[in-house]
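Shown next, in structure tokens, is the structure this report addresses.
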Amino acid sequence: MRKKIVAGNWKMNKNLEEGLSLASEVINIAVDEITPSAGVTIVLNPSFVHLASVRKLIPAGKHVFLGAQNCHHKASGAFTGEISVEMLKSLPVDYTIIGHSERREYFGETNALIAEKLNLLLANGITPIFCCGEALPIREAETHLAYVAQQITESLFHLSAEDLQKVVIAYEPIWAIGTGKTASSAQAQEMHAHLRQHLAGKYGQDVANEISILYGGSCNPSNARELFACADVDGGLIGGASLKARDFIEIAKSF
Ligand code: PGA
């Protein structure tokens, strides 16, 4: 059975003190109000500089996990200012977001480069949260289904079925990120079902059914329930609403 996941992408927000306070609040409420039997995996993705400190706050054996927002695509070397997968593993982190549209847009990340990150993460036992999604002109041209499937083909289809099943996919339409303009549940379901069929075409339906596909883009406590009720939506990657502990937890309780 595929996992239900709610992951908070804090982006470049919160200083150390604020980050630790948000993390403790989320962890405390999550442990108090969400029982492990609810089957929801909660992932906190603070900035790199907060990871080691947030790690210490996360109780072992609970349903709360730690994630990074990015990693470098080479294993190590002369890459001043960058963070390697090996460094993340040493903390350890459990998850790492790769291919977020902000990284694609502002840092020129391509599907091929994201595939390199994916390979390193898998080799080091860290779960990649692979982001994909189309910009508004692509949706308006009605080529969005093929466009996002192509992102998946180019970054994921070199994997074995066994490795593919270790990947979490996050569909994040760019026009919905940080805009307050969420995809409707019908739009999300259409894309998620399409992506699952695309995976099934290559790996078979049983493998495709095991992959968690999260929705991201202005997801909040008011729309999460409807989105998560869709057959192929297995949770969310939450930006703005993950910066408020109560909102984030309410989203995690929306299954
Ligand atoms: P948002 O961001 O929830 O603020 O729209 C989502 C994301 O970029 O992961």
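Which condition number does residue 139 fail, the rest of (1) under 18 Å from residue 99 (Cα atoms); (2) modelled with pLDDT of 95 or more being met? All conditions are met except number (1). Evaluate region 23-43: report whether one residue or more is over 21 Å from residue 237 (Cα atoms) and touching a helix residue (DSSP H, G or I) at 6+ places or on another chain (Cβ under 7 Å). No, region 23-43 contains no residue that is over 21 Å from residue 237 (Cα atoms) and touching a helix residue (DSSP H, G or I) at 6+ places or on another chain (Cβ under 7 Å).
On inspection, residue 99 passes the criterion of being buried (at least 19 other Cβ atoms within 10 Å of the Cβ), at positive phi and at pLDDT 95 or above.
Residues of region 184-199 being in contact (Cβ under 8 Å) with a residue 40 or more places away in the chain and either within 16 Å of the ligand (Cβ to nearest atom) or over 25 Å from residue 155 (Cα atoms) (or both), which ones?
Start the filter on region 184-199 by keeping residues that are in contact (Cβ under 8 Å) with a residue 40 or more places away in the chain, which leaves 185, 188-192, 194-195, 198-199.
Of everything in region 184-199, those that are in contact (Cβ under 8 Å) with a residue 40 or more places away in the chain and either within 16 Å of the ligand (Cβ to nearest atom) or over 25 Å from residue 155 (Cα atoms) (or both) turn out to be 185, 188, 191, 192.
Once region 55-72 is narrowed to residues that are out of contact with any Asp or Glu (no Cβ under 8 Å at 6 or more places or on another chain) and outside any loop (DSSP other than H, G, I, E, B), the residue that is nearest to residue 114 (Cα to Cα) is 68.
In the set 97, 177, only one residue is touching a Cys at 6+ places or on another chain (Cβ under 9 Å), β-branched (Val, Ile, Thr), over 21 Å from residue 198 (Cα atoms) and within 16 Å of the ligand (Cβ to nearest atom); that residue is 97. In region 200-218, which residue that is part of a loop (DSSP other than H, G, I, E, B) and closer than 16 Å to residue 97 by Cα is farthest from the ligand (Cβ to nearest atom)? Among those that are part of a loop (DSSP other than H, G, I, E, B) and closer than 16 Å to residue 97 by Cα, it is 211.
Within region 209-224, residues that are within 16 Å of residue 39 (Cβ to Cβ) sit with their Cβ atoms under 6 Å from residues that are in a strand (DSSP E or B) and within 9 Å of the ligand (Cβ to nearest atom), at 6+ positions apart or across chains, in these pairs: 214/170; 214/236; 214/237.
The values are calculated or read from the model by the stated rules, or taken from the named source; none is laboratory data. The shown structure was predicted, so the numbers you read here are calculated from the model rather than taken from an experiment. In this analysis, Cβ positions are derived from the backbone assuming ideal geometry, glycine residues included, and neighbour counts consider all displayed protein chains.
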